[in-house]
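Visitor: If you scroll down you'll find the structure; I have some questions about it.
The values are calculated or read from the model by the stated rules, or taken from the named source; none is laboratory data. Fair warning: this is a prediction, and the values are worked out from it, not measured in the lab. Note that each Cβ is placed from the backbone with ideal geometry, even for glycine, and that neighbours are counted across all protein chains shown. Remember, those area values only see protein heavy atoms, side chains included, never the ligands or the DNA or RNA. Shrake-Rupley method; radii C 1.70, N 1.55, O 1.52, S 1.80 Å.
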Amino acid sequence: MEVGAEGFARHLPCLRRRILRATFVALDMEFTGLHSTSLQNNEPSLFDSPAERYVKARQGVQRFTLVQLGKCGSDTESDLPRYVVHSYNFFLFPSTLGVKDVEFTLSASSIQFLSHYGFDYNKFLKDGIPYMNEVQEKFLRQHLLAGTWKVCSNADRDVMKKAIDEVTTWIAAAKEGDTLILQDLSGYHMIDVQLVLRQALENVWTEPLGDKKVIVKKVNPEHRQLLENSSYDHCKEELILLSARGFTNLFEILVKVKKPLVGHNMLMDLMHLHDKFYRPLPESYEEFKRNIHNLFPVIIDTKTVTKSVQKKCLFPRVSSLVEAYAVLCSSNLNPKGPPCPVIALASGCSRYAEKKFPHEAGYDAFLCGSGKIFLKNSFRVCVEICGAVEAEPSFSQYLTVLAEHVNKVNFIRGGVSSINFSGEDSPCRHPPALVVHVRGWPGLTEEQIYQEFKAHCRFDVRRLSKNQFILLSNKYKHVRHVLRDYRHHPHLQVSVYRHWRHSPSVNCLLQ
């Protein structure tokens, strides 16, 4: 089900009920960009520690914004292996009701990528659900109390201009008590138009009138003051905040109920959740981890789990969420095991029943949620092989079996295999680093070394000294190939890195 600003408030009570009933909630997001290219050495690297990667990713999260968020929830499991999933696709756009205009960057490659998969930018721009974090809400609340708020949206100028022109033309000849109805006001325009008219004209009063309509009434200033102080004012501070906060209201429901949160390669998703709906990302990596764990105590990254299943249950190696889902749906994975669970799409959320929509946030959230269910079945197979359980395990038993992977989010190309949100990060085992000693080839840069070895395999490069570079790869065969192929190179001597021999700090100490 697609949900935009116009229908979000209407759907919110139902969404709350769905979340309360759900066994877990799966999320996926699409962004205007991933990694900022305006800063040097900002690309992810195998040399990155989690804290270093966080600093790089934080810069990207601060520059880019969310365009789409997908949510999929599964109703509580029955005695049968059957799950009813409710999948939603939300278009999002930063709140424009406040005192600070929100700026964000577009990455050409990301925009082209989303366009290739049919992303509707009109819905993002015209019907995106507003949202704000705690700091932005505090600013808005202060300025609402002081009466110094303003609407920042340039995109809504036509709507505002049409409404103001219509009212100012009408009010010149109108008598006290006369009314005018403004039509076709969607979503948060209902609030914005009323606030603008009330601020511009002291002798009008406004009220919402059914769907997409606002009634404007000519009143005297004394009557206007009485209406403002009444309990029936639809533009009171709390109602304005409710409208301006938009999707943040649903985020707070997710935080309050503490349902297990499921995703795939979730690090960027979690960082955007924190930055856009909770608080601006802190400088400290450890503080970010603590905050996320407090918000969502149980996180399951299907990428981390599938990597484990690959090792334990002969799961085929896959590189994407779509491939993982296809394998998990296949009966060939375990033909003698228990039947795969039946996943039924709820009424009103059946768009993904017959057609694929890759890289649409709601569809990817559906794949994450369905993949989690199938992974549960796969882990049941693993547990049965070990003779640990016979009956269909409950969700809590499933989490017990999965305990070593809970709260561990996949870390792409870095010093650890996953980020542990409930403990210390454990280093992963990489192939040995290589050291390249340059002779008779002065002035070589890291980029030139990278290009030199790029034809053979992919290495990350870091300068060690004036004539030495360290190479890191995540594949043992690449290390073997380079050691073999560069054995007799006239200018580049390649060997396995030994800390006691090659570290500048050790050499300095020995000297």
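Visitor: Check Ile129: other-chain or 5+ apart residues with amide H under 5 Å from its amide H, H built from backbone geometry?
Guide: Ala5, Phe91, Leu92, Phe93
Visitor: Just to check I understand the Karplus step: with θ = phi - 60° and J = 6.51 cos²θ - 1.76 cosθ + 1.60, what whole-Hz values come out for region 20-25, glycine and proline as x?
Guide: Running phi through 6.51 cos²θ - 1.76 cosθ + 1.60 with θ = phi - 60° gives 4, 7, 5, 6, 7, 10 Hz.
Visitor: Still on this structure, please answer the following. Return the loop-located GluC sites (Glu not before Pro) in region 402-464 (DSSP other than H, G, I, E, B) with at most 10 other Cβ atoms within 10 Å of their own Cβ; answer none if there are none.
Guide: Answer by residue number: Glu424.
Visitor: Follow-up question, since we're still on this one. Hey, can you find the accessible area per residue of region 434-508 for me, probe 1.4 Å, expressed in square angstrom?
Guide: Here the residues of region 434-508 average 63 Å² of exposed surface.
Visitor: Just grab the label-to-label distance for Gln142 and Ala9, each label 7 Å out from Cα along the Cβ direction, in nm (one decimal).
Guide: 2.7
Visitor: Using the structure shown, select from Lys71/Lys289; Lys56/Lys161; Lys126/Lys217; Lys123/Lys355; Lys123/Lys408 the pairs with a Cα to Cα distance greater than 31 angstrom.
Guide: In this structure, Lys56/Lys161; Lys123/Lys408 lie more than 31 Å apart at Cα.
Visitor: Sort Arg498, Arg58 by heavy-atom solvent-accessible area, probe 1.4 angstrom, most to least. The partial results should precede the final answer.
Guide: Values: Arg498 120, Arg58 50 Å².
Accessible-area ranking of Arg498, Arg58, largest first: Arg498, Arg58.
Visitor: Can you tell me the accessible area per residue over region 144-240, all protein chains present, probe 1.4 angstrom, in square angstrom? Spell out each step's value before the answer.
Guide: Working: 5600 Å² over 97 residues.
That works out to 58 Å² for each residue.
Visitor: Also, quick follow-up: By how many nm would the segment from Arg439 to His293 lengthen if fully extended, with 0.36 nm per residue of separation less the alpha-carbon distance?
Guide: 47.5 nm
Visitor: I've got another one for you. Of all the accessible heavy-atom surface of region 434-508, with the other protein chains kept in place and a 1.4 Å probe, what percent is carbon and sulfur?
Guide: Details: 2420 of 4760 Å².
Carbon and sulfur together cover 51 percent of it.
Visitor: Which of the three applies to region 144-240, rounded, prolate or oblate, going by the alpha-carbon gyration tensor with a ≥ b ≥ c and a/c under 1.5 meaning rounded? Each step should come with its number before you reach the end.
Guide: Values: a/c = 1.43, a/b = 1.07, b/c = 1.34.
Here region 144-240 falls in the rounded category.
Visitor: Leaving out same-chain residues fewer than 8 places away, which aspartates and glutamates sit with a Cα under 14 Å from that of Lys466?
Guide: Reachable aspartates and glutamates: Glu446.
Visitor: Another question, if that's okay. Let's test the formula: R0 of 35 Å, r as the Cβ-Cβ distance of Asp101 and Ala200. What FRET efficiency results, to the nearest 0.05? Intermediate values should be presented prior to the final figure.
Guide: On the way: r = 20 Å, r/R0 = 0.57.
Working from the Cβ atoms, E equals 0.95.
Visitor: Let me have the relative contact order for region 144-240, percent, based on Cα pairs under 8 Å that are six or more residues apart.
Guide: Relative CO of region 144-240 lands at 28 percent.
Visitor: I've got another one for you. Around Phe453, what is the net charge, scoring Lys/Arg as +1 and Asp/Glu as -1 over all other residues with Cβ under 12 Å from its Cβ?
Guide: Counting the neighbours of Phe453, the net charge comes to -3.
Visitor: Continuing with the same structure: Per-residue counts of other Cβ atoms within 10 Å, averaged by peptide: what ranking do you get for 83-93, 129-139, 283-293, highest first?
Guide: In descending order of packing, they fall as 83-93, 129-139, 283-293.
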